[in-house]
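Colleague: Mind having a look at this structure? Questions to follow.
Where a number appears in this text, it was derived from the coordinates with a stated rule and is not lab data. As the structure is a computational prediction, the values presented were derived from the model and not from experiment. Please note: Cβ atoms are built from the backbone with ideal geometry, for glycine as well, and neighbour counts cover all protein chains shown.
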Amino acid sequence: MYMEKIIDENKQGENLILEHKESNSRKLFIESYGCQMNFSDSEIVASILSEEGFNTTKSLEDADLVLVNTCSIRDKAEQTVRKRLEKYNAVKRSKNPKMKIGVLGCMAERLKSKFLEEEKMVDLVVGPDAYKDLPNLISEVDDGRNAINVILSKEETYGDIAPVRLNSNGVTAFVSITRGCDNMCTFCVVPFTRGRERSREPQSIIEEINDLASKGFKEVTLLGQNVDSYLWYGGGLKKDFKKATDMQKATAVNFAMLLDMCAKAQPKMRFRFSTSNPQDMTLDVIETMAKHRNICNYVHLPVQSGNNRILKAMNRLHTREEYFELIDNIRRIIPDIAISQDMIAGFPTETEEEHQDTLSLMDYVKYDFGFMFAYSERPGTLAGRRMEDDIPVDVKQRRLNEIQALQREHSHYRTKQNVGKVQEILIEKSSKKSDAHWSGRNSQNTVAVFPKEHYKVGDFVNVKITDCTSATLIGEAVGYSDNN
Ligand code: SF4
């Protein structure tokens, strides 16, 4: 499961900078596309290369090494990366012939040596489980050879690497807890590019969280392709748990237990998590959320379609009815929880009636927000191999427009419920629209803006909500919250 960081795919990805080490003499330009896991991985890569003599730079022209952390989730995301590679190569030819170029992430894993053989635009190809091998691979490249490592691991979780927080606001951070996914949804490349599911040791997660708290961070999002599937029993793949010893089974830590440990380790810190899968989410997770004030009342619960035949064709292992039951239970335990979705319009063979089922499911849930896309066939996936991408582009686009319009309506309905209430907002940055206003989020993950007054970034502030748009709450601070 994935939740995309919303980036205009036609624009440059996020270029990451970290503080300079005087002793480092080489320059790294690293750019990231796609999901939050990629942004988190780029922090791990920067940390590994910082030990190898690299400082990050914002200037492509000055870079000794350019790395692009890539996304394969849709064809458009890959086209964007190809355009960026053309740009890097143009700069290399005209201004910086010594520059070396590398591809990281899901496209590296999907295309493997094709990048070196056919595309001839890169010197280095490194898959998501091979970043610790970067020092060796870069030595190869320095010696004039192309280098590749795309081996997927059964163990690697990077739990022993302290990521360097890049371009951070100093308030919110991501902490990876699982890697890979075993679910094999038929439209998804993740099981092929990120490998089998494995979980990170809880103690290393708690240590990273404690370190973030000591540096002044106030909110952590626990990250994984499928966090509900988190299971630590001493290492190894999730699928091998049945072979664990009785002792390992008795002391295993699941996601609800991990959440509880995090919330207790740092009671003043807010916790979120992403992403959940309906078939793997259990109610003990929601009960743990309800028990701790510092676990935010927000769950991203992608469904992708509202129709049972399409859910089956997607290999989503739950029905529409089971999804409704889960939503009802979640709302029973936490009535003011916010829920968001991922939705795919125009999956192969989807009929108009089946599309209407998606709209009626949305009407039932009334999601707070969502991430909605037209189906994009990905080579190598089960749907790509077995199903014809038979819904015409204009039909997919019209269905997507209908889904998006309905979501806007529901988002506005949800934000309006907050008007008149006082909510705790964690200040993250200045508002994009006005330098006189702060921007932060409430527990439900909705953005709120309000006049700055004497407050500062990182403060928890009680804000009276006076107005809203479909995506943003507007208000006035009424004082510090008791979480400061
Ligand atoms: S296979 Fe399914 S559950 Fe796993 S990452 Fe892809 S969409 Fe999510």
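Colleague: Where does the chain land on Rg/Rh, using Cα atoms and the Kirkwood Rh?
Modeller: 0.96
Colleague: Starting with the fewest neighbours, write out Thr472, Thr351, Thr381 ranked by other beta-carbon atoms found within 10 Å of each beta-carbon.
Modeller: Working: Thr472 16, Thr351 12, Thr381 20.
Result, fewest neighbours first: Thr351, Thr472, Thr381.
Colleague: When a/c is below 1.5 the answer is rounded, else prolate if a/b is larger than b/c, else oblate, so apply that to region 14-149 with a ≥ b ≥ c taken from the square roots of the Cα gyration tensor eigenvalues.
Modeller: Values: a/c = 1.34, a/b = 1.20, b/c = 1.11.
Rounded shape, in that the Cα axes give a/c under 1.5.
Colleague: Still on this structure, please answer the following. So which cysteines in the chain don't have a second cysteine's C-beta under 4.7 Å from them?
Modeller: Cys35, Cys71, Cys106, Cys181, Cys262, Cys296, Cys468
Colleague: Can you put His410, His300 in order of Cβ neighbours within 10 angstrom, beginning with the fewest? Working shown, then result.
Modeller: On the way: His410 19, His300 24.
Taking fewest neighbouring Cβ atoms as first place, the list is His410, His300.
Colleague: Figure the gain on full extension for Ala213 and Arg82 (residue separation times 0.36 nm, minus the Cα-Cα span) and round it to one decimal in nm. It would help to have the intermediate numbers written out before the result.
Modeller: Working: separation 131, 0.36 × 131 = 47.16 nm, distance 3.85 nm.
Working it through step by step, the gained length comes to 43.3 nm.
Colleague: I would also like to ask the following. May I ask which of Lys264/Lys421; Lys268/Lys291; Lys83/Lys132; Lys114/Lys154; Lys76/Lys120; Lys154/Lys239 have a Cα-Cα span longer than 18 Å here?
Modeller: On the way: Lys264/Lys421 28 Å; Lys268/Lys291 14 Å; Lys83/Lys132 27 Å; Lys114/Lys154 24 Å; Lys76/Lys120 21 Å; Lys154/Lys239 11 Å.
From the list (Lys264/Lys421; Lys268/Lys291; Lys83/Lys132; Lys114/Lys154; Lys76/Lys120; Lys154/Lys239), the Cα-Cα distance tops 18 Å for Lys264/Lys421; Lys83/Lys132; Lys114/Lys154; Lys76/Lys120.
Colleague: Identify the trypsin sites (Lys or Arg not before Pro) of region 94-188 meeting these criteria: DSSP loop state and at most 16 other C-beta atoms within 10 Å of the C-beta.
Modeller: Sparse-neighbourhood loop trypsin sites (Lys or Arg not before Pro): Lys95, Lys98, Lys112, Lys120, Arg145, Lys154.
Colleague: So, R0 is 41 Å and r is the distance between the beta-carbons of Met184 and Asn136; what FRET efficiency does that work out to, to 0.05? Write down the numbers at each step before the final one.
Modeller: Numbers: r = 32 Å, r/R0 = 0.78.
For Met184 and Asn136, the calculated efficiency is 0.80.
Colleague: Largest first, please: the extent of the C-alpha atoms of region 165-238 along each principal axis, to the nearest Å.
Modeller: The Cα atoms of region 165-238 stretch 41, 28, 17 Å along their principal axes.
Colleague: How far, in nm, would the chain grow between Met261 and Gln203 when pulled straight, counting 0.36 nm per residue and subtracting the alpha carbon separation?
Modeller: Details: separation 58, 0.36 × 58 = 20.88 nm, distance 0.95 nm.
Residue separation times 0.36 nm, minus the Cα-Cα distance, leaves 19.9 nm.
Colleague: While we're looking at this one, here's another question. With charges only on Cβ, +1 for K and R and -1 for D and E, what is the dipole size of region 172-408 about its Cα centre, in debye, rounded to 20? Could you put the intermediate results ahead of the total?
Modeller: Working: 32 positive and 33 negative charges, 168 e Å.
Approximately 800 debye in magnitude.
Colleague: How far apart, in nm, are two points set 7 Å out from the Cα along the Cα-to-Cβ line at Ser434 and at Arg408?
Modeller: Placing both labels 7 Å beyond Cα along the Cβ direction yields 2.3 nm.
Colleague: On to the next question. What is the magnitude of the charge dipole of the chain about its Cα centre, with +1 placed on the Cβ of each Lys and Arg, -1 on the Cβ of each Asp and Glu, and no other charges, expressed in debye to the nearest 20? It would help to have the intermediate numbers written out before the result.
Modeller: Details: 67 positive and 72 negative charges, 97 e Å.
Around 460 debye, computed over the chain.
Colleague: Round to the nearest 0.05 the FRET efficiency obtained for Asn329 and Ala471 when R0 = 22 Å and r is the Cβ-Cβ distance.
Modeller: Working: r = 27 Å, r/R0 = 1.24.
It comes to 0.20.
Colleague: Any idea what Rg and Dmax come out to for region 298-449 if you just take the C-alpha atoms, in Å?
Modeller: Every Cα atom of region 298-449 included, Rg and Dmax give 17.6, 54 Å.
Colleague: Kindly put Cys262, Cys468 in sequence by how many other C-beta atoms sit within 10 Å of each C-beta, fewest to most. Display every interim value, and only then the final one.
Modeller: Values: Cys262 24, Cys468 20.
Listed from fewest to most nearby Cβ atoms, that is Cys468, Cys262.
Colleague: Cα-based Rg (one decimal) and Dmax (whole number) for region 422-480, in Å?
Modeller: 9.7, 28
Colleague: Something else about it: Multiplying the sequence separation of Glu118 and Lys416 by 0.36 nm and subtracting their Cα-Cα distance, what value in nm do you get? Don't skip to the answer; put the middle values down first.
Modeller: Working: separation 298, 0.36 × 298 = 107.28 nm, distance 5.31 nm.
Net length gain for the segment: 102.0 nm.
Colleague: Of Lys112/Lys249; Lys312/Lys416; Lys366/Lys396; Lys215/Lys433, which sit over 27 Å apart, Cα to Cα? Intermediate results must be reported in sequence, preceding the final value.
Modeller: Values: Lys112/Lys249 37 Å; Lys312/Lys416 35 Å; Lys366/Lys396 22 Å; Lys215/Lys433 29 Å.
Where the Cα-Cα span goes over 27 Å, the pairs concerned are Lys112/Lys249; Lys312/Lys416; Lys215/Lys433.
Colleague: So, R0 is 41 Å and r is the distance between the beta-carbons of Asp482 and Ala162; what FRET efficiency does that work out to, to 0.05?
Modeller: On the way: r = 31 Å, r/R0 = 0.76.
Efficiency computed from Cβ-Cβ geometry: 0.85.
Colleague: What fraction of the DSSP beta bridges in the chain is antiparallel, stated in percent and rounded to the nearest 5?
Modeller: Details: 30 of 74 bridges.
Taking every DSSP beta bridge with both residues in the chain, the antiparallel ones total about 40 percent.
Colleague: Under the rule of -39500 (n - 2.57) per DSSP H run of 4 or more residues, summed and divided by the residues of the chain, what mean residue ellipticity at 222 nm is obtained, to the nearest 500 deg cm²/dmol?
Modeller: On the way: 14 runs with 156 residues, N = 484.
Roughly -10000 deg cm²/dmol at 222 nm, from the helical runs in the chain.
Colleague: Put +1 on the Cβ of each Lys and Arg and -1 on the Cβ of each Asp and Glu in the chain; which of Ser23, His355, Thr172 then has its Cα farthest toward the positive end of the dipole?
Modeller: Positive-most Cα among the choices belongs to Ser23.
Colleague: Next question, about the same structure. Loop-only trypsin sites (Lys or Arg not before Pro) in region 238-314, please: DSSP not H, G, I, E or B, and at most 15 other Cβ atoms within 10 Å.
Modeller: Working: sites: Lys238, Lys239, Lys242, Lys243, Lys249, Lys264, Lys268, Arg270, Arg272, Lys291, Arg293, Arg309, Lys312; in loops: Lys268, Arg293.
Passing sites in region 238-314 are Lys268, Arg293.
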